[in-house]
1. Considering each of M25, M29 in turn, give the residue that is more than 22 Å from R136 (Cβ to Cβ), in the same structural domain as L172 (by TED's automatic domain parsing), at pLDDT 95 or above and touching a helix residue (DSSP H, G or I) at 6+ places or on another chain (Cβ under 7 Å).
2. So which pairs qualify, if the first residue must be in region 174-189 and in contact (Cβ under 8 Å) with a residue 40 or more places away in the chain, the second must be surrounded by 13 or more Cβ atoms within 10 Å (Cβ to Cβ) and among the β-branched types (V, I, T), the Cβ gap must be under 8 Å, and the two must be at least 6 apart or on different chains?
3. I227: hydrophobic (A, V, I, L, M, F, W, C), within 30 Å of K109 (Cβ to Cβ) and either in the same structural domain as E40 (by TED's automatic domain parsing) or in contact (Cβ under 8 Å) with a residue 40 or more places away in the chain (or both), yes or no?
4. Identify, please: which residue in region 219-237 is assigned to a helix (DSSP H, G or I) and over 17 Å from D274 (Cα atoms) and is, among those, farthest from the chain's Cα centre (by Cα)?
5. Restricting attention to region 56-68, which residues are surrounded by fewer than 16 Cβ atoms within 10 Å (Cβ to Cβ) and out of contact with any helix residue (DSSP H, G or I) (no Cβ under 6 Å at 6 or more places or on another chain)?
6. State yes or no: is R222 in contact with a helix residue (DSSP H, G or I) (Cβ under 7 Å, 6 or more places away or on another chain) and among the charged types (D, E, K, R)?
7. What is the one condition in (1) surrounded by 14 or more Cβ atoms within 10 Å (Cβ to Cβ); (2) basic (K, R); (3) closer than 27 Å to G53 by Cα that R277 does not satisfy?
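The values are calculated or read from the model by the stated rules, or taken from the named source; none is laboratory data. Quick caveat, the model's predicted, so the values are computed rather than measured. Positions of Cβ are generated from backbone atoms using ideal geometry, with glycine treated the same way; all protein chains shown enter the neighbour counts.
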Amino acid sequence: MKKERENILRQFAETGYVADPQLAMAVLMMQRLQRPLLLEGDAGVGKTEVGKGLARILDTRLIRLQCYEGLDANAAIYEWNYQRQLLAIKIWEQEEASTTEKEEHIFQKDFLLQRPLLEAISQETAPVLLIDEIDRADEEFEAFLLEVLSDFQISIPELGTIEAKSIPYVVLTSNGTRELSDALRRRCLYHYVEYPDEGKEVRILQARMPGIDLRLAGQVVRFVQAIRKEDIDKKPGVAETLDWAAALVGLEVDDLRADSEVVHESLLCLLKTDHDRRAISGEVTERIVGKVA
């Protein structure tokens, strides 16, 4: 078991994702038990990247369902291609066929538009199904999703029940904007993704930007970690750390102490609301730079 977990850690590292042993164990259990994996944590900690990295490790297709308020079964499972159906009806108007035959003709798989859930269970090789930000969807959709994940089959009235050709590797993410149902939590394995500590975030930065100077990488990470402790609305995630580091390299900044004005102006990569930009003034920037550089 330990050897398999270390192998998963190594494989994630090869994709550019720095995982921890607990996450590696969760992924291993997901594969062995064929259970969905629920990843919860603040926005920007790298939950979505787990699904993307897993697809690369398994060398399989990634199918993503981005959840949002009002998401319904049509957008998530299937829709009929009404334009093609109308065209087929026009063509068949002159044919000597019964109404039943015409209906059977336009309700065939050729007229079906597969959405992520149906697409995922229709693959010959098991894909990674990434259900992103499930907490943004309505509770009604969550209940419907639970039924699909329990049986891995979908009923289409005109065609009957479509069973999975393969069981997808399901990764769900949640930012915790609302409480998920106990039923969904029971169905899933669970892992909470924390903001990385300094050492891990430096390794992430080096993995994604191999040429970055180690001193600058350390300064950037310590600055971002200090920013997260300030009174701001939206803490910068790992993606923002990477963006800011890339911006500083592009601006030829190799030391945060070199040009405090440029450093402060470049914080648009980290601070994404007017409140946060006002909260982190030039004086605050200089104070943090003095502590971390």
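1. M25
2. S174/I134; L180/I134; L184/I134
3. No; evaluated as a whole, the condition is false for this residue.
4. Q219
5. Scanning region 56-68 gives D59, R61, Q66.
6. Spelling it out, R222 is indeed in contact with a helix residue (DSSP H, G or I) (Cβ under 7 Å, 6 or more places away or on another chain) and among the charged types (D, E, K, R).
7. The failed condition is (3).
Table: residues versus (1) modelled with pLDDT of 95 or more; (2) among the small types (G, A, S).
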| position | (1), (2) |
| --- | --- |
| E163 | no, no |
| L172 | yes, no |
| R178 | no, no |
| A183 | no, yes |
| R187 | no, no |
| H191 | yes, no |
| E198 | yes, no |
| V221 | yes, no |
| A226 | yes, yes |
